[in-house]
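Here's the structure, in structure tokens; my notes come after.
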Amino acid sequence: MKIKKFWFIIFIMICLVNTADCANYITCDQAMKTGKPFVLYLHSNTCYACKQFTPIFTRLMDTMSNYNVVDINYSYPQGKDICSTAESKTIPAVYVVNPQKRTRSKISFDTYFDDAAFTTSLINLMNQ
């Protein structure tokens, strides 16, 4: 359990270098300060699946503006550090991070291209 908390803290510390680009997109530092669960999106400019999913993800997040989103792009050096710390073996990857509970839960890739399934998974994880 102590190791799990250690990696969570390291993961969050590396997230602090992130920048934001959309209305409900904020930095990890800002997200952590709210203490509320937030969505963490890991992706890359060179990944085919990411290129297909990013417009869908952006559209869905625009309709769910009450959720904060931290956007991490693997194409940048800081993004590579965060992706490896998050132990994400694949991208795109969407996590729900709960700073108070010190947990992160990955949304299944199987739901990424099904708006209803993805939205349901996201809402369920945000409300846990």
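The values are calculated or read from the model by the stated rules, or taken from the named source; none is laboratory data. None of these values were measured; they are calculated from a predicted model. We place every Cβ from the backbone using ideal geometry, glycine too, and count neighbours over all the protein chains shown.
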**Prompt:** Out of the residues in the stretch 87-121 that are aliphatic (A, V, I, L, M) and in contact with a Ser or Thr (Cβ under 8 Å, 6 or more places away or on another chain), which is modelled with the lowest pLDDT?
**Reply:** Ile91
**Fill in**
Across (1) of a type in the set (Ser, Thr, Tyr); (2) modelled with pLDDT under 85; (3) closer than 23 Å to Thr119 by Cβ; (4) not in a loop (DSSP other than H, G, I, E, B), Ser84 clears everything bar (3)
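Within the stretch 97-128, how many residues turn out to be part of a loop (DSSP other than H, G, I, E, B), among the β-branched types (Val, Ile, Thr) and exposed (fewer than 15 other Cβ atoms within 10 Å of the Cβ)?
The number of residues fulfilling the criteria is 0.
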